[in-house]
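> This is the structure I have questions about; it appears just below.
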Amino acid sequence: MAQLMEHPAVTLPRVGKQGDPCVMVIFGAAGDLTGRKLIPALYNLAKADLLAKEFAVVGVARSPVTNEDFRKKILEEVKEYGEEEIDPALWEIFSRRFYYFKGDFNNQDLYPQLKDFLAKIDRDHSTQQNYFYYLATAPNYFGPIVEKLAAAGLMEQTSEYWRRVVIEKPFGHDLESAKALNQQLRKVAEENQIYRIDHYLGKETVQNIMAFRFANGIFEPIWNRRYIDHVQITVAETVGVEGRGGYFDHAGSLRDMVPNHIMQLISLTAMEPPISFQADAVRDEQAKILHAIQPMSDQEVLNRSVRGQYGEGILGGERAPAYRAEADVAPDSRNETFVAMKVNIDNWRWADVPFYLRTGKRMPMRNTYIVIQFRRAPFVLFRDTPVEHLMPNQLVLHIQPEEGISLRFAAKVPGPVMRLDPVDMNFEYQEYFGKQPSTGYERLLHDCMIGDQTLFQRADMVEAGWCVVNPILDLWKALPPRNFPNYAAGTWGPKEADELLERDGRRWRNFEK
Ligand code: BG6
């Protein structure tokens, strides 16, 4: 049988160990995620020699498709969505590992047949009975599919082989439903079999938050309330709902972005140094931060959270339609496309240091970044000079699309009088390390193959994230907004979001194109 290892195109020095021998079973293999992300990510892993030679993929979907057609389809997808030129010889070996299994995953009868099919693939590819099931399906199927897998004996693992299931957010639509999903999964699977993806953790720059904080001696000593005035997290998108109006008009920005992606950014920024980089050591520290974010009272929701919905506007020089005019969105929708809030982390390190968060669709630019604003220097020295006020230092972690870190400090403007200007010291990932082909899923798929759960959400973390947003969801539901739309597409959100900081004598750091 052909082996990836035999192929001369695999010449890069391998960084990290190869995944375990295994079969990846993709439910929803005909869908968008499979073509756009999963298959290109697997190809990148093959190129980097990170897949075991004993590896195979089984795509499960309903339409009658042959293995050959399935292989042709994924080739088209990798050509379209992958960033790398395809090496025909490597592709030949890679694609022979892909199999198609026709069936309806809602039907219990499918699973015993799938079991027999997997046993055959396992024999042919020597995958040692290790299987992981990637549920690239609508979230309401997660629980039922895992139950059916378990009923067919496909979740049982031993000391000889493992079985894992991978699911991606949303995990429920509020605290109660998230708990119910966790309970349903935990009835038939151990926590160490459940890999909950938050794709933000697949981003290099998000992982770099930990490296930056814990691999450098100079930042950690000042990473606390004595030196930090406040933290801002901005996740700005230029896109609208991109054909996902049906989902988004029920979810809204708060559910879509805050309990998951934004909570990841907060917890990595604020957590204590873990005692090791073992999965549970890191996740314990993240979870502590999520538990330390105090859920808001009704009055606090009113004072500390802002919601918005975009109206028509101009973005990138072109007219952008109002949210209510998007496909599959109710013409009188009261769903939010923007949210901002101020949260407090009640622990020793962060007492009285506000974390301001905002995320929105149809913002002026796509930009995700974290601003750490330090306390101002004492003013004394600059009396009797033209310097009227001192700018605080800001450290900015640029997550995307620019990936890097910048530090803002004041410098003297050359000349005979004492004048100061803010200047930036910049580090750009790409300039230093070059561009790596990445879909953001390589690391996560590989971690699943080697059994490393560090970058995956534990049940308690998911629930803690919902605990933070649930009081806001409840109050917003009870008091529907009366002023929507309240910001124009192509702007930084409603004015209340600016006022949220202005009331505290602060302002958002916005970047220009
Ligand atoms: C998804 C949300 O989880 O993240 C989308 O459902 C959002 O609404 C997307 O656009 C943002 O991801 P990224 O990687 O583009 O920042």
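The values are calculated or read from the model by the stated rules, or taken from the named source; none is laboratory data. All of these numbers come straight from a predicted model, not from anything done at the bench. Because the Cβ atoms are built from the backbone with ideal geometry, glycine has one as well, and the counts that use them run over all protein chains shown. Please note that ligands, DNA and RNA were not included when accessible areas were found on the heavy atoms of the full protein model with its side chains. Shrake-Rupley method; radii C 1.70, N 1.55, O 1.52, S 1.80 Å.
> Give me the aspartates and glutamates in straight-line cross-link reach of residue 148: C-alpha distance below 16 Å, same-chain residues under 8 apart excluded.
104, 109, 116, 156, 190
> Sum up the charges of everything whose Cβ sits under 14 Å from the Cβ of residue 129, counting Lys and Arg as +1 and Asp and Glu as -1, but leave residue 129 out. Provide the component values of the computation, followed by the final result.
Working: positive: 115, 120, 123, 163, 164; negative: 20, 54, 116, 122, 124, 156, 160.
Net of charged neighbours comes to -2.
> Quick check: net charge around residue 160, other residues with Cβ under 14 Å of its Cβ, Lys/Arg +1 and Asp/Glu -1?
-2
> Two-decimal Rg/Rh of segment 8-86 from alpha-carbon positions, Kirkwood Rh? If you can, show how the numbers build up before the last one.
Numbers: Rg = 13.1 Å, Rh = 13.4 Å.
Rounded to two decimals, Rg over Rh is 0.97.
> Restricting things to alpha carbons, tell me how big segment 109-170 is in terms of Rg and Dmax, in Å.
Calculated on Cα positions, Rg and Dmax stand at 12.1, 36 Å.
> Next question. In a shell of Cβ-Cβ distance under 10 Å around residue 306, excluding residue 306 itself, what net charge do Lys and Arg (+1) and Asp and Glu (-1) give? Walk me through the numbers on the way to the answer.
Values: positive: 304, 307, 342, 358, 495; negative: 336, 496, 498, 499.
Neighbourhood net charge equals +1.
> Tell me, how many Å apart are the Cα centres for segment 385-426 and for segment 218-256?
If you average the Cα positions of each part, the centres end up 24 Å apart.
> Another one. Show me, for segment 228-245, the HN-Hα J-couplings you get by feeding each phi into the Karplus relation (A = 6.51, B = -1.76, C = 1.60, θ = phi - 60°), rounded to Hz, glycine and proline as x.
Karplus-based 3J(HN,Hα) across segment 228-245 equals 9, 7, 6, 10, 10, 10, 10, 10, 9, 10, 8, 5, x, 9, 6, x, 10, x Hz.
> A follow-up question, please. With every protein chain present, what accessible area does residue 73 have (1.4 Å probe, heavy atoms only), rounded to the nearest 10 Å²?
My reading of the accessible area for residue 73 is about 70 Å².
> Next question, about the same structure. Please compute the alpha carbon radius of gyration of the chain, then divide it by the globular-protein estimate 2.2 N^0.38 Å. Two decimals is fine.
Expressed relative to 2.2 N^0.38 Å, the Cα Rg reads 1.04.
> Kindly provide the Kirkwood hydrodynamic radius of segment 79-191 in Å, to one decimal, from all pairs of distinct alpha carbon atoms. Walk me through the numbers on the way to the answer.
Working: mean 1/r = 0.0618 Å⁻¹.
Result for segment 79-191 stands at 16.2 Å.
> Next question. Return the sequence-ordered ³J(HN,Hα) values of segment 441-449 in whole Hz as given by the Karplus equation 6.51 cos²θ - 1.76 cosθ + 1.60 applied to θ = phi - 60°, using x for Gly and Pro.
9, 4, 4, 5, 5, 5, 4, 5, 6
> Two decimals, Cα atoms only, Kirkwood Rh: what is Rg/Rh over segment 296-410? All intermediate terms of the calculation are to be shown ahead of the outcome.
On the way: Rg = 19.4 Å, Rh = 18.0 Å.
Checking Rg against Rh, the ratio lands at 1.08.
> Decide, for segment 362-513, between rounded, prolate and oblate: order the square roots of the alpha carbon gyration tensor eigenvalues as a ≥ b ≥ c, take rounded if a/c falls under 1.5, and otherwise choose prolate if a/b is larger than b/c, else oblate.
Values: a/c = 2.16, a/b = 1.32, b/c = 1.64.
Verdict is oblate for segment 362-513.
> In segment 198-241, what is the volume of the convex hull around the alpha carbon atoms, normalised per residue and reported in Å³?
Numbers: hull volume 5.0 nm³, N = 44.
In segment 198-241, the Cα hull volume divided by residue count equals 114 Å³.
> Can I ask one more? Using only Cα atoms, figure out Rg for segment 394-465 and give it as a multiple of 2.2 N^0.38 Å. Write out the running numbers ahead of the final one.
Working: Rg = 20.0 Å, N = 72, 2.2 N^0.38 = 11.2 Å.
Output field value: 1.79.
> Could you pull the accessible area for residue 237 with a 1.4 Å probe, rounded to 10 Å²?
Here the accessible area works out near 40 Å².
> While we're here: At a probe size of 1.4 Å, how large is the accessible area of residue 220, to the nearest 10 Å²?
Result for residue 220: roughly 40 Å² accessible.
> Quick one: Debye curve from the alpha-carbon atoms of segment 279-331 only, equal weights, vacuum; give me log10 I(q)/I(0) at q = 0.18, 0.19, 0.25 Å⁻¹ to two decimals.
Log-scaled intensity ratios, in q order: -0.76, -0.76, -0.94.
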